[in-house]
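What follows is a short report on a single structure.
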């Protein structure tokens, strides 16, 4: 006897199983990315997106189909990261709109839901490209309609849909030459297939009930720092009552001397100390009777996030905890470089949000008028929820968002669609230099629509080179690239590949420059010394004596240099 209907409980477990199946393969999906840059990657972005929904779904006990649909749609929309994550969230959004009014699902309802999901996702993409996750989704939706007319058995239906999905996925290299050249299938399509297969395994009994504990945070963010497990800390003799944990987002160099002084201070007010740092973050764990003092000292090095205070004596002293957190928030607000709506109660006509990565770049955006910065970029694509939180902080009627990365534009647009009380204008800046140029050319006397056109027009005069390293060996556009090679990537593709950073950057400049370019701006990253940057600028002046050369500290990770010509 076949299975002709599935209820909300079965759909819930199938969705969680699909999310878990994607998470299990995210690193493998990342490796399918054709371009060998060290970016956020498709598998990671899709996993972070679906896990945001999975955590909401996992909290539902005996949900109705409507409650389940709401959790899947809302969670994935707000958690969407990167283009692949946004497209996945739109597939889920359309699918859930179709199922939410039903107590049980049949093959016909499932087929209609897949069609609606595909249509919703296609509409969300400005210029849909075949050979991608969209093609795989459409192929399965078409097969679903065909199978729904032939069978009521959901297992037979699903097996054929999955089989056809794999077939379409394997055809993607024939649709996109770059995939065929690299010898891989589309990574987004592969990610979607992992979700569908995981859900199917749940429906056929290959996967049992997926518990909340079976779902991880999938990193929860783009960076993590290892710290000590709390189970490793002896709390038998509790002298200091509050387990205090937080992360410092550094705005200055955290030298060994500063680290020693910071540790000494924390040891003077507590014990069980763990301090782990890298170039951008410091993870802190300390037991103390004065969490607020620990927060205040930490704020001298940067802003705080992920603050957590637990009363280890298990006494009800909520006021102390709240006061400690309040002190940290108040101090962080005073230290913030940007005005928020709390600091600037008068509502403005215009506000600006920029995505930035690197102390120097953030200072530049702040200096030219950005009201709020979202930390992110190539290695850390902000989610739609990150965008919504930023929008909430900017007290303005019209808010311009500068994504400054092609993989963040769709998340910004999605946040704009979800905002009702403010007018959101997304400037489609694909690089940091484009975003800087766009913001410089904002004119307060123009309307939002005219500013959008003017800023886009000015961005069109900017050429960008991004210099980084290859994370895998491949061939792009006939260029052989070995893992570890230095790559200079222009607006339309790779301009130069070499073994030395400076030589590769200069070679790219030769390829990029034309008679119309007058100003070259070099933003050097956190991995480049001042002397190295000065040497590159000096050689650029020798090669191009008729051009004006500007050197700026960007502090960006991953990219040795961002170079613009206009």
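Any read-out appearing in this document is the output of simple, stated calculations on the displayed coordinates, not a laboratory observation. Since the model is a prediction, treat every value here as computed from it, not as a measurement. Cβ placement follows ideal geometry from the backbone for every residue including glycine, while neighbour counts extend to all protein chains displayed.
Would you please put 90-99, 457-466, 112-121 in order of how densely packed they are, using the mean number of other Cβ atoms within 10 angstrom per residue and starting with the highest?
Output ranking for 90-99, 457-466, 112-121: 90-99, 112-121, 457-466.
Could you put 443, 193 in order, starting from the residue whose Cβ has the fewest other Cβ atoms within 10 Å?
Starting with the residue having the fewest Cβ neighbours, the order is 443, 193.
For a quick check: sort 359, 146 by the number of other beta carbons within 10 angstrom, fewest at the front. Intermediate results must be reported in sequence, preceding the final value.
On the way: 359 19, 146 15.
Neighbour counts put them in this order, fewest first: 146, 359.
For the residues 134, 506, what sequence is obtained by ranking on other C-beta atoms within 10 Å, fewest first?
Details: 134 23, 506 20.
The order, fewest Cβ neighbours first, is 506, 134.
Taking only C-alpha pairs under 8 Å that are 6+ residues apart, what is the relative contact order of segment 463-565 in percent?
32
Just for the chain, what percent of DSSP beta bridges are antiparallel, to the closest 5?
Bridges in the chain that DSSP calls antiparallel: roughly 70 percent.
Roughly how many Å is it from the Cα centre of segment 487-502 to that of segment 17-31, as a whole number?
31
Can you give the helix-only mean residue ellipticity at 222 nm for the chain, where every DSSP H stretch with n ≥ 4 adds -39500 (n - 2.57) and the sum goes over all residues, rounded to the nearest 500 deg cm²/dmol?
Numbers: 20 runs with 268 residues, N = 566.
Computed mean residue ellipticity for the chain: -15000 deg cm²/dmol.
Separation of segment 363-422 and segment 518-548 by C-alpha centroid, Å?
30
Over segment 348-459, what is the relative contact order in percent, taking alpha-carbon pairs closer than 8 angstrom and at least six residues apart?
Once normalised by length, the contact order is 25 percent.
Among DSSP beta bridges whose residues both lie in segment 348-459, state the antiparallel percentage, nearest 5.
Expressed as a percentage, antiparallel bridges in segment 348-459 total about 5.
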